[in-house]
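Asker: Input: one structure, supplied below.
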Amino acid sequence: MSLLAVGSVAFDNIETPFEKRADVLGGAATYIALAASYFVDAPKLVGVVGADFGEENLQVFKAKKIDIEGLQVDASGKTFRWSGRYHYDMNSRDTLDTQLGVFASFSPVVPHAYQQSKFVCLGNIDPALQKHVLTQINRPKLIVCDTMNFWIESKLNDLKETLKLVDVLIINDGEARLLSGDPNLVKAARLIRAMGPKTLIIKKGEHGALLFHGDTIYSAPAFPLESIYDPTGAGDSFAGGFTGALAKADAAGEAISEMTMRKAVLYGSTMASFCVEKFGTERLQELTPPEISDRYQAFCALSKIDE
Ligand code: AMP
């Protein structure tokens, strides 16, 4: 049940209305791999960091048995850095600064041992790099892809090329409107699925997520949390939990059916709900399997009614 996570590995500067922190370990691939590590053994990671990425940060991956053979260290530059500020409701944020650092000249090299990966989660990164990774591996069973407004606005043509190769796209509601040019999410979903991904997940922040698969739409709830410290990485944790749950089901001999997809959406939501409970990756580093299954059951119970 091999799973490959691709994306940024970063230092984040995060401001919420209540706290401000600098140099927090983050990045899409970081959150994806950490979330997936609770579902599959030794998820693999492809990304790049600079000379400023110390052993204490590598230790975070090693502690969760994440395979970092594909994490390049480019000593000529600095690790990707993102700065963001959350608004009072914590649902919206402004990107204050993006420093590509070593990502500006990054050319991903997929190690030989990664080329048979069955499940691939393409996290937020330049879509041309996402595609470049796919050209180096044998056709996986499932390719899941995440992107964001930064790339929709700056690299739309590259993104459309990558989307032709993708099975499942995960984006938020604002990004779905931007990518499709349509304000209605059902119409937007139809337009985006025509670009390539057969399955589409539209995340709606504290309002849950919509799964468009086959001819059906599934509406997953969001977990009503009392304390949200830092929403950073929630989307990537969702993607890691979702892909990890599918890889785990596949390893257990389950077909990737509509129901398997629905359950994976709830596992993705479960991992996202944990992620926001502490700053950066703190909560994802210390989870236990019973906590995950309890929260998953709570998710299932949220919209269950007796007829
Ligand atoms: P999320 O909150 O799940 O949307 O993702 C937050 C993470 O995305 C942060 O840890 C950032 O380092 C990373 N990130 C922000 N902007 C970009 C970008 N343009 N490309 C790649 N990663 C990014």
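Asker: Using a simple charge model, +1 on the beta-carbon of Lys and Arg, -1 on the beta-carbon of Asp and Glu, nothing else, what dipole does segment 3-303 show about its Cα centre, in debye to the nearest 20? Numbers along the way, then the final one.
Answerer: Numbers: 30 positive and 36 negative charges, 183 e Å.
Dipole magnitude for segment 3-303 comes out near 880 debye.
Asker: If I take R0 = 30 Å and measure r between the Cβ atoms of residue 207 and residue 259 in this structure, what FRET efficiency does the formula 1/(1 + (r/R0)^6) give, to the nearest 0.05? Don't skip to the end; give the middle numbers.
Answerer: Numbers: r = 23 Å, r/R0 = 0.75.
Efficiency, from the Cβ-Cβ distance: 0.85.
Asker: Going from most exposed to least, what order do 88, 229, 38 have by accessible area with a 1.4 Å probe?
Answerer: Working: 88 185, 229 120, 38 45 Å².
These residues rank, largest area first, as 88, 229, 38.
Asker: OK, next. What does a probe at residue 294 reach in segment 220-241, counting residues whose amide N is under 20 Å from the point 7 Å along Cα→Cβ?
Answerer: Under cut-off, by backbone N: 222-229.
Asker: Rounded to the nearest 10 Å², what accessible area does residue 52 have for a 1.4 Å probe in the complete protein model?
Answerer: We get 60 Å² for residue 52.
Asker: In addition: If you restrict to DSSP beta bridges whose two residues both lie in segment 3-303, what percentage is antiparallel, to the nearest 5?
Answerer: DSSP beta bridges in segment 3-303 are roughly 40 percent antiparallel.
Asker: Starting at the first residue of segment 243-257, write each ³J(HN,Hα) from the Karplus equation 6.51 cos²θ - 1.76 cosθ + 1.60 with θ = phi - 60°, in whole Hz, x for Gly and Pro.
Answerer: Going residue by residue, I get 5, x, 5, 5, 5, 5, 4, 4, 5, 8, x, 7, 6, 7, 8 Hz, with x marking Gly and Pro.
Asker: How far apart, in nm, are two points set 7 Å out from the Cα along the Cα-to-Cβ line at residue 97 and at residue 63?
Answerer: 2.7 nm
Asker: Using 20 Å bins from zero, what percent of all Cα-Cα pairs in the chain falls into each bin?
Answerer: Bins of 20 Å from zero give 36, 60, 3, 0 percent of pairs.
Asker: Convex hull volume of the Cα atoms in segment 26-129, per residue, in Å³? Intermediate results must be reported in sequence, preceding the final value.
Answerer: Numbers: hull volume 13.7 nm³, N = 104.
Hull volume normalised by residue count: 132 Å³.
Asker: A further question follows. I want to verify the translational diffusion coefficient of segment 74-184 in µm²/s; compute it with Stokes-Einstein, Rh as the Kirkwood radius over Cα pairs, at 4 °C and 1.567 mPa s.
Answerer: 83 µm²/s
Asker: At a Förster distance of 35 Å, what's the computed FRET efficiency of residue 42 paired with residue 305, Cβ-Cβ distance as r, to 0.05? Intermediate values should be presented prior to the final figure.
Answerer: Values: r = 40 Å, r/R0 = 1.15.
Efficiency, from the Cβ-Cβ distance: 0.30.
Asker: Follow-up question, since we're still on this one. Extension gain residue 149-residue 52, at 0.36 nm per residue separation less the Cα-Cα distance, in nm? Before the final figure, lay out each step's value.
Answerer: Values: separation 97, 0.36 × 97 = 34.92 nm, distance 2.75 nm.
Extra length available between residue 149 and residue 52 comes to 32.2 nm.
Asker: Cut-off 12 Å, label point 7 angstrom out along Cα-to-Cβ of residue 83: give me the residues of segment 9-29 whose amide nitrogen falls inside.
Answerer: Only 12-15, 21-23 pass the distance filter.
Asker: So for the pair residue 217, residue 191, with labels modelled 7 Å out along Cα→Cβ, what separation do we get in nm?
Answerer: Placing both labels 7 Å along Cα→Cβ, they lie 1.5 nm apart.
The values are calculated or read from the model by the stated rules, or taken from the named source; none is laboratory data. Owing to the predicted nature of the structure, the values given are computational and were not obtained by experimental measurement. With ideal geometry, Cβ positions are generated from the backbone for all residues, glycine too; neighbour counts draw on all protein chains shown. In case anyone asks, the SASA skips ligands and DNA or RNA and just uses the protein heavy atoms, side chains included. Shrake-Rupley method; radii C 1.70, N 1.55, O 1.52, S 1.80 Å.
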